[in-house]
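Okay, structure first, notes after.
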Amino acid sequence: MLQWFTGDSFMIIAPMLLDSSDKPYDFRDYIFEPKLQGVRAILMKSGPETRLFFQKDIEVTRLFPELYHVPIDGDVTLDGVICSGSLLGRDMESGSTLVQKRARIKKRKQIAGAARELPVRFVAFDILTLKGRDLRKLSLMKRKSILDSVLLEDEYYKRIRYFEEDKLHLYGVVYANVKESIIAKRKDSKYVSRRTHDWVELTHPDMVRKELTSGLLEADDN
């Protein structure tokens, strides 16, 4: 569902929703991402203007002034997570709480102060449009490739790191201090604005890690 705003400059794209499962998957068809602590948001940049929306079309642009300048050339729509602090370690544990706290601040001076003292960052995991082109019918891996090529990471904007089957054991090393779920996404999935089996939250990530580790050891033996 598309909703248009002033001058047809912006549209809200309803987010693609996660399914959940504790069943094994054919991991060769998937990539894996950590479920970061934070608040999911759709970001839209058109010309010099940037707008941010939480789910249910709640606009929060003015609450996060540190995110006004998107390091991408051209108009773009991103799906991602607004979170706080480092992507690793204890800071992420309270990420969603801090973002929600920031969202409750309404006075301009307090917003500016919070942006300096408690800054957030936008971690992008998908790109939906670029320079007027709708990318949602492309495969996930093609969209990831485009995102990698256009987003110039800085202090406030990052890309999420993902793993494929042969490197998922690194998840436990890179995210050793983050007790989060794992999101499995089909490599060929298109972006659809509804709940789908193509994106799945694995409800028992320890089981998944164990199965993958076992598979990797068997592969090494061969």
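If R0 is 22 Å, the Cβ-Cβ spacing of Arg194 and Ala103 corresponds to a FRET efficiency of close to 0.30. Among the listed pairs Lys101/Lys144; Lys45/Lys158; Lys106/Lys190, give every one whose C-alpha distance is greater than 27 Å. Those over the limit are Lys101/Lys144; Lys106/Lys190. Between Thr61 and Asp148, the contour length at 0.36 nm per residue exceeds the alpha carbon distance by 28.9 nm. Rounded to the nearest Hz, the phi-derived 3J(HN,Hα) couplings of the range 108-125 under the Karplus curve 6.51 cos²θ - 1.76 cosθ + 1.60 (θ = phi - 60°) are 4, 5, 5, 4, 4, x, 5, 5, 7, 8, 10, x, 10, 9, 9, 9, 7, 10, where x marks glycine and proline. Kirkwood hydrodynamic radius of the range 37-159, from the reciprocal of the average inverse Cα-Cα distance over all distinct pairs: 14.7 Å.
Only Lys, Arg, Asp and Glu carry charge here, each on its Cβ (+1 for the first two, -1 for the last two); on that basis the range 37-159 has a dipole of about 400 debye about its Cα centre. In sequence order, the range 40-47 has phi-based couplings of 5, 8, 9, 10, 10, 10, 9, x Hz under the Karplus curve 6.51 cos²θ - 1.76 cosθ + 1.60, θ = phi - 60°, and Gly or Pro positions carry x.
May I ask you to list the residues of the range 118-161 whose amide nitrogen lies under 13 Å from a point 7 Å from Cα along the Cα→beta-carbon direction of His69? Under cut-off, by backbone N: 154-157.
Among Arg186, Arg143, the order by Cβ neighbours within 10 angstrom, fewest to most, reads Arg186, Arg143. Summarising the label geometry, the points placed 7 Å from Cα in the beta-carbon direction at Lys131 and Glu201 lie 3.7 nm from one another.
Any read-out appearing in this document is the output of simple, stated calculations on the displayed coordinates, not a laboratory observation. Computed from a prediction, not measured in an experiment: that's the story for all the values here. Here Cβ is always computed from backbone atoms with ideal geometry, including for glycine, and neighbour counts include all displayed protein chains.
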